[in-house]
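S.K.: I'd like to ask some things about the structure below.
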Amino acid sequence: MAARRLSRISLLVALMVLGAAVALPVPGTTTPLTLQLVPVLLAGGLLGPVDGPLAVLIYLALGVAGLPVFSGLRAGPAVLFGPTGGYLWGFVLTAGWIGWWAGPHRRPGWVRLAAAMTSGMIFTYACGVWQMALVLQYTLLQAAVAGIVPFVVADALKIGLAVALAGRLQHIRRA
C-alpha cells in the first residue's frame, strides 16, 4: 500500500476516533449523539468505494481489539453486537455507497456529494434501526422513533459540514 494512500486512510480513521470521543447522551434513546459520522462521510467522499469502507473497517477492528475508540470510550465486540452496533456496521455501507457515487468523478460537485451522503445515511439508519430492534426487542417503528427521529436535524447538519469539508479537501482525493 502506497504511503500516501495509507496516510489518507489513517487520517480518516483518526478522525473517526476523535469524532466518537464527542458523545452526548440523547434522552429516550440508547444512541448517543457523536461527530464520528462526519469522518465516515468524508471517508466515502474522499477515499472512494474501496478505501472509504476500508478506513471504517480499520476503525471497527481497533474497537473490537480493545482500544476505546467507540462512543463513550467503549471497546470490544459487545459494542458491535449491542443496541447501537448496527450504526457502526452501517458506516461501512455508507462509506462504500458514497465512494461509489462520487467515485467516477475526480472532483464531484457539492450537489453530487450531498446527494450521495444523504442517501448513504439510509444505510446507517437502516442497519442501526434493524439491530436496535433485534437487541432491544423493539418493533421497527419503535426503533426508528428512538434511533432516527432524535438525530435527523443533527445528521443533516453533519452532512452539510462533510460536504463543505469534502469540497475543501478534494485535493487529497486519489492524489
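S.K.: Please go through region 1-53 and pick out each residue that is within 12 Å of A162 (Cα to Cα), of a type outside the set (A, V, I, L, M) and touching a strand residue (DSSP E or B) at 6+ places or on another chain (Cβ under 9 Å).
M.R.: Q36
S.K.: Take region 117-154 and flag every residue that is under 13 Å from the mean Cα position of the chain (by Cα) and open to solvent by 80 Å² or more (accessible area, probe 1.4 Å).
M.R.: I122
S.K.: Further question on the same structure: Could you please let me know if A162 is touching a helix residue (DSSP H, G or I) at 6+ places or on another chain (Cβ under 8 Å) and in contact (Cβ under 8 Å) with a residue 24 or more places away in the chain?
M.R.: Values: touching a helix residue (DSSP H, G or I) at 6+ places or on another chain (Cβ under 8 Å): yes; in contact (Cβ under 8 Å) with a residue 24 or more places away in the chain: yes.
The answer is yes for A162.
S.K.: Take residues that are under 12 Å from the mean Cα position of the chain (by Cα) and under 24 Å from V145 (Cβ atoms) and tell me which of the helices (runs of 4 or more DSSP H) falling wholly in region 12-85 contain 2 or more.
M.R.: 37-42
S.K.: Ok, one more. Within region 103-112, identify whether any single residue is crowded, with 18+ Cβ neighbours inside 10 Å and either assigned to a helix (DSSP H, G or I) or among the polar types (S, T, N, Q) (or both), and answer yes or no.
M.R.: Keep residues of region 103-112 that are crowded, with 18+ Cβ neighbours inside 10 Å, which gives 103, 108.
The next check asks that each one be either assigned to a helix (DSSP H, G or I) or among the polar types (S, T, N, Q) (or both); those that pass are none.
The answer is no, given that none of the residues of region 103-112 is crowded, with 18+ Cβ neighbours inside 10 Å and either assigned to a helix (DSSP H, G or I) or among the polar types (S, T, N, Q) (or both).
S.K.: So which of V26, V17, V50, V40 is of a type in the set (A, V, I, L, M, F, W, C), crowded, with 21+ Cβ neighbours inside 10 Å and either touching a residue at least 12 places away in the same chain (Cβ under 8 Å) or in contact with a helix residue (DSSP H, G or I) (Cβ under 7 Å, 6 or more places away or on another chain) (or both)?
M.R.: V40
The values are calculated or read from the model by the stated rules, or taken from the named source; none is laboratory data. Keep in mind that what you see is a predicted model, and the values were worked out from it rather than measured. As a convention, Cβ positions derive from the backbone with ideal geometry for all residues, glycine included, and neighbour counts pool all protein chains shown. Accessible surface areas use protein heavy atoms only, side chains included; no ligands, DNA or RNA. Shrake-Rupley method; radii C 1.70, N 1.55, O 1.52, S 1.80 Å.
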